[in-house]
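A short reminder: the numbers here are calculations on the coordinates, not readings from a lab. Everything numeric in this text was worked out from a predicted model, so none of it was measured. We place every Cβ from the backbone using ideal geometry, glycine too, and count neighbours over all the protein chains shown.
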Amino acid sequence: MPRLGRSMTLSFPPFAGFVRQLILANVIVYFAMLLIRAVSAPAYVWLFDFFALIPVLTMHCYVWQIVTYAFLHAGLLHILFNMLTLWFVGSYLEGSLGARWLREIFFFSVIGAAFSSIAMAYAGILHLDPMTPSIGASGGIFGLLIAFAMLFGDQEFFMFPLPISIKAKYLVAIYILLALAGLFGQQAGTSIAHLGGALFGYLYVKFAPRRGFGFVGSEKVFGLRNSYYRWKRKRASRKFEVYMRKQTGEKDFRLPDEKSVKSPNDKRWMN
């Protein structure tokens with residue numbers, strides 16, 4: 001968990017915003033799948049195959065799997081570790097950069113991890129198989145970890161539950177080394193997803209706008225909307241000028257443009 005300044009604190013980060021929504025969604029899905037498995041094993045298998053990332057199915061129009069796989073977890077320790085990491089790191093990033101930014105980089109990393117797994121599975125590298133499923137939010141979480149190391153590398157974390165602090169950049173380096181070591185074990189597919197999420201998290205921080213694509217997109221939308229309204233005002237002004245010429249007989253009647261009117265109290269052109 002983050003350590004602010006030099007004060008020794010073991011307080012948990014705030015549980016709010018997008019981080020809370022994401023954690024609650026994962027927990028609800030996890031317990032729902034447990035309940036379904038207890039009631040009907042065939043239904044559980046069908047839902048798992050429908051929502052987990054299975055490259056051969058994803059490439060045959062099951063495109064939603066590149067996102068939905070991140071909400072499935074294999075066991076209690078799997079979801080507990082992922083959600084705690086998401087809580088500690090995500091809360092700090094959301095508080096510093098906002099919920100929209102956090103939402104973008106998380107799902108960008110989730111989708112990037114999915115594409116990495118699919119590409120490696122079809123390439124046949126590390127004995128991966130297109131029929132092998134992948135689940136878990138680790139790809140998105142590794143994207144957040146990389147972002148944290150890049151943006152707040154000197155921020156210190158406590159190695160909970162031990163009262164030992166370590167800088168974020170060193171902690172993330174340990175995570176990456178563990179993922180690299182996993183490439184040569186039985187969990188190669190999981191390690192590919194972790195490293196893919198980390199890579200896409202790095203690309204997002206490196207090349208995305210500081211406030212995220214959503215902010216830039218909304219600015220462009222508002223810019224287009226304002227341009228449209230300015231065009232409507234100019235069009236209405238031209239119609240009003242034609243009307244006033246007919247009423248006053250002044251052939252050169254003109255309304256002042258926006259640049260010439262320096263004050264809203266300027267009424268020189270009014271009758």
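If we sort 47-59, 131-143 on the protection proxy, mean other Cβ atoms within 10 Å, highest first, what's the order? It would help to have the intermediate numbers written out before the result.
On the way: 47-59: 19.0, 131-143: 24.6.
Per-residue mean Cβ counts within 10 Å order the peptides as 131-143, 47-59.
Direction-averaged shadow area of the convex hull around the Cα atoms of the stretch 76-154, nm²? Please report the intermediate quantities before stating the final value.
Working: hull surface 24.5 nm².
Seen from a random direction, the Cα hull of the stretch 76-154 projects 6.1 nm² on average.
Computed on the Cα atoms alone, the convex hull of the stretch 1-159 gives a volume of 126 cubic angstrom per residue. The HN-Hα couplings worked out from phi for the stretch 116-123 by the Karplus form 6.51 cos²θ - 1.76 cosθ + 1.60 (θ = phi - 60°) are 5, 5, 5, 4, 5, 5, 6, 6 Hz, whole numbers, x standing for Gly and Pro.
Short-range pairs are left out: with C-alpha atoms under 8 Å and at least six residues apart, the relative contact order of the stretch 59-184 is 27 percent. Quick check: the distance between the Cα centres of the stretch 72-87 and the stretch 12-48, to the nearest angstrom? Answer, in whole Å: 11.
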